[in-house]
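Throughout, read-outs are computed from the coordinates displayed, never taken from laboratory work. It should be emphasised that the depicted structure is a prediction, and the values quoted were computed from it without experimental measurement. Please note: Cβ atoms are built from the backbone with ideal geometry, for glycine as well, and neighbour counts cover all protein chains shown.
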Amino acid sequence: MRFLFLLGSSRHGGNTELLARRAADALPADAEQRWLRLDEHPLSPFADIRHAGGDGRYPQPTGNEALLLTETLAATDLVIASPLYWYNVSAATKLYLDHWAGWLRIPRTDFRANMRGRTMWAVSAISDEDPAKADPLVASLRLSAEYLGMRWGGALLGYANRPGDILRDATALRAADTFFGQPALGDGPAHEPMPVASLGD
């Protein structure tokens, strides 16, 4: 197993990251972990060139985009750790997902075929008591995974408003301890989102 943790927050050591690291601590020792902060590997704005002439294919990526593509393809499990910003993933996380549209059209990459069967997980700290506020974030990631034929591992949510608040959410911490131990959808029951929701990290 090779878990890629993509941290979508602009804050280092934020509540979302703390919750993700708590869940990662319970992974077996032989599960490889790779952690990348999207703000430390910024991507250029995504340009849709499908109908701009030519064959609609995208050039081979370079720099940070090449790194993120390589790490994504190398992972058996993709963990999107993004706080809830305006009811969805952070801007850096959304830009990463936007680049998937280009990766689908890179010659010889076979992004869709290579991602099929891998598992996507979501981790998020949310600052609203209404769990429904996190529905768009969860749906966005779940549907993105399904589009590529990936399995959906589930969403781990915790309540946090100020820095460090997540460490006081006993329910979220207990869920984190077994989060990755559950089978992905398609293999059996998966995690339901925690009964809490956030507009902050």
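The table that follows gives values for the structure above.
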| quantity | calculated |
| --- | --- |
| Search result, residues across segment 7-40 that are in contact with a helix residue (DSSP H, G or I) (Cβ under 6 Å, 6 or more places away or on another chain) and crowded, with 17+ Cβ neighbours inside 10 Å | 7, 8, 9, 15, 18, 19, 22, 23, 38 |
| All positions within segment 29-42 that are within 16 Å of the chain's Cα centre (by Cα) and of a type in the set (A, V, I, L, M, F, W, C) | 35, 36, 38 |
| Segment 72-105, residues that are crowded, with 16+ Cβ neighbours inside 10 Å and aromatic (Phe, Trp, Tyr) | 85, 87, 96, 100, 103 |
| Subset of segment 115-154 (residues that are hydroxyl-bearing (Ser, Thr, Tyr) and assigned to a loop (DSSP other than H, G, I, E, B)) | 127 |
| Number of the exception - residue 48 against (1) exposed (fewer than 13 other Cβ atoms within 10 Å of the Cβ); (2) in a strand (DSSP E or B); (3) not hydroxyl-bearing (Ser, Thr, Tyr) | (2) |
| Filter result for the condition that a residue is on the phi < 0 side of the Ramachandran plot, of a type in the set (Lys, Arg) and assigned to a loop (DSSP other than H, G, I, E, B), over 34, 21, 11 | 11 |
| Residue that is under 27 Å from residue 59 (Cβ atoms) and small (Gly, Ala, Ser), where the choices are 181, 102, 154 | 102 |
| Filter result for the condition that a residue is surrounded by 13 or more Cβ atoms within 10 Å (Cβ to Cβ), assigned to a helix (DSSP H, G or I) and hydrophobic (A, V, I, L, M, F, W, C), over 43, 69 | 69 |
| Top-ranked residue in segment 136-186 [being in contact (Cβ under 8 Å) with a residue 12 or more places away in the chain and among the acidic types (Asp, Glu); ranked as nearest to residue 109 (Cα to Cα)] | 177 |
| Pairs, first among the acidic types (Asp, Glu) in segment 95-114, second surrounded by 15 or more Cβ atoms within 10 Å (Cβ to Cβ) and not in a helix (DSSP H, G or I), C-beta under 7 Å, six or more apart | 98/46 |
